[in-house]
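The values are calculated or read from the model by the stated rules, or taken from the named source; none is laboratory data. Remember, predicted model here, so these are calculated numbers, not experimental data. Every residue, glycine as well, gets a Cβ built from its backbone with ideal geometry; the counts of neighbours run over all protein chains shown.
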Amino acid sequence: MTDRRDFLLSSAAVAATALAPGLARAQTFPTRPIKYICPWPAGGSTDVVMRVLAESASKVLGRNVIVENKPGAGGMLGAAELVHAKPDGYTLAQIPQGAFRIPHMQKVTYDTLNDFTWIVCLTGYTFGLVVPIESPIKSIADLVKFAKANPDKFTYGTPGIGTSPHLAVEEFAQRAGIKLSHIPYKGSAQNLQAVMGEHVMAMSDSTGWGPMVDSGKLRLLATYGSKRTSRWPTVATLNELGYETVSDSPFGVCGPKGMDPAVVKILHDAFMKTLDDPAVKAVFAQFDQPTIIMNTEQYTKFARESFFAEKATIERLGMANKG
């Protein structure tokens, strides 16, 4: 009996010793600044949103959360860096919706389903299609009419190949029976400059174009949500116009695979608290972004479901990698 008791006590001690480093890390985390990768250029709507989230989370965590911009590759450079980052909680990133679809379009350096920790989802985008105010295209009906008469002549910019603003327009075009010419840029800021300079005929993107619409420099033809926005209530959605196209691209905070669950919880709870910050709420309102909350379990489930749903969409649009 004594031997068995000693064995159990010894086993418990070994287990506790094995767990101790992890518990200690969680109790002291964070002890240094945290890098939060924004895979889009500085100055775009995502950059502004991520910076206010980082500033708010810094106050909660007691350590600086520093946004680092890594634009390019359709917003996938953050995901590519996470694959090689230590799973210690000090390297985080936004992983956009493209991570669920681009692997079906081309070879990538990451495994969407197995290489990431989906910590928390916080918000999503309002997407829309805008044209210069002087454009003869004054409605989606005008666009469809022009494109049918001039296949591949209507140019539109997006923040990159495989991004939600790209796929939404391609889906709309397929349903409308038209062919458009896609011009990818490195992010929203470049995309906005292109349409303002009339280098492209339209811009498909999140609401960095909002101030230009409100000031009368750009015309908003349609938004892509499931319902009209409160900011532009007179503008119909693509879905409402009969094109069965809905896109909002939820996002938040992700890390590398293999993170300590206790550290994940600390980060989850800290970023959740940012949603109560008036500064965060103001920036969400500025870009007409909804609050979309998913905890770690829900976000992980969403990622898996989105991966297979996007695969079906890519195949339907004829954009799947044939290799």
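Being farther than 18 Å from Tyr224 by Cα and part of a helix (DSSP H, G or I) is the requirement here; does Ala194 meet it? Yes, satisfied.
Among the conditions (1) in the same structural domain as Ile37 (by TED's automatic domain parsing); (2) surrounded by 17 or more Cβ atoms within 10 Å (Cβ to Cβ); (3) part of a loop (DSSP other than H, G, I, E, B), Thr229 misses just one, which is (1).
Screening region 40-60 for residues that are at negative phi and not in a helix (DSSP H, G or I) and picking the one that is nearest to the chain's Cα centre (by Cα) gives Trp40.
Screening the candidates Cys121, Cys38 for the property of being within 28 Å of Asp288 (Cβ to Cβ), modelled with pLDDT of 95 or more, crowded, with 20+ Cβ neighbours inside 10 Å and in contact with a Pro (Cβ under 6 Å, 6 or more places away or on another chain) yields one hit, Cys121. All of (1) surrounded by fewer than 15 Cβ atoms within 10 Å (Cβ to Cβ); (2) within 30 Å of Lys145 (Cβ to Cβ); (3) among the hydroxyl-bearing types (Ser, Thr, Tyr) hold for Thr291 with one exception: (2). Checked against (1) part of a helix (DSSP H, G or I); (2) farther than 21 Å from Leu317 by Cα, Gly216 meets all criteria but (1).
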